[in-house]
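The values are calculated or read from the model by the stated rules, or taken from the named source; none is laboratory data. The structure displayed is predicted, hence computed values, not measured ones. Neighbour counts run over all protein chains shown; Cβ positions are idealised from the backbone, glycine included.
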Amino acid sequence: MSCEYHKRLECAIRVATRPTQRSSIQGIVLSCSAAQAAARPLQGGAEVASFRPSTWLRIVIGSLLAAASALLLALAFPPYELWPLIWVGFVPMMVAQFRVLPAKVSSLASAIAIGGWLGGYLTPIFAGSGLYMAWLPLVIAGVSYLADSGVRSFHERTGYRWFVPYGAVNWVGFEMIRGFIPIMGTWAFVANTLYAQPWLIQPVSIFSIFGLGLLIMAVNYGVGLWALHLFDRRWQLDRDSVRLSSGQACKWALGRSWHLQLGPA
């Protein structure tokens, strides 16, 4: 009886330790390790949820965020004149463009935000002045979509080192160019929202309206960089996206943007 028992025991051990089953166990262990790595805290103890919503859901949410920027910008201008909104009006658009929307259509955010804002602001002003003014916001939206098509890729490659200066200088540079176009002039300059705040715009006499516009856009992109960092603390929609640390987001506030490191945080 004892000999038969030992034989059965040895047979059970051989079955339990077959290579195929060992491979299955190893696969389970590796899967658990990968899941733990995906939920590993990014920084400060916050866990990052790595999930993959559908492309269409991302497009819908990103479009809504861009439309929110269009609304904030429209409210900052006359006749509503909620001027503090101009300092953060572009932030929802940035979250949509650089995090929520799929990379291939990321420039849809700027097209919706800028086209929607100009449509709501300029169309009532120039109503009845010609068909070209009615179509101008759509033309600008199309130009924004094409011009910004490679911006997200650029910032991903450079680790968002140039996020704030690129955004601010690019916007004000475009304002300077269209200032020479008679049909456009200084309409919808971001600095125009502060016309009733003399206590705030005194430096304009030295730095001009473009200097004030540069400050407004630098604040927008600085806040936007911090918003991207807060997004990265909770979600990661793309595996290969560059995640921003709190140090990277804070260094702009300290004037040390050139110390930003490349690659994932």
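For this structure, a couple of remarks:
- Qualifying residue in segment 183-203 (condition: touching a residue at least 60 places away in the same chain (Cβ under 8 Å), in a helix (DSSP H, G or I) and over 30 Å from PRO79 (Cα atoms)): no
- Condition check for ASN170: within 23 Å of SER106 (Cβ to Cβ) and under 26 Å from the mean Cα position of the chain (by Cα): yes
- Residues in segment 165-182 that are surrounded by fewer than 14 Cβ atoms within 10 Å (Cβ to Cβ) and not in a helix (DSSP H, G or I): PHE180, ILE181, PRO182.
- Filter result for GLY213 (in a helix (DSSP H, G or I), without any contact (Cβ under 8 Å) to a residue 40 or more places away in the chain, within 19 Å of LEU118 (Cα to Cα) and under 25 Å from the mean Cα position of the chain (by Cα)): no
- Segment 111-163, subset of a type in the set (S, T, N, Q) and at pLDDT 80 or above, residue nearest to GLY185 (Cα to Cα): SER144
- For segment 76-111, a residue qualifies if it is part of a loop (DSSP other than H, G, I, E, B) and in contact (Cβ under 8 Å) with a residue 12 or more places away in the chain, and the qualifying residues are PHE77, GLU81, VAL88, GLY89, PHE90, LEU101, PRO102, SER106, SER107.
- Pair list, Cβ < 6 Å and 6+ apart or interchain, from segment 238-249 residues that are part of a loop (DSSP other than H, G, I, E, B) to residues that are among the aliphatic types (A, V, I, L, M) and modelled with pLDDT of 85 or more: LEU244/LEU228
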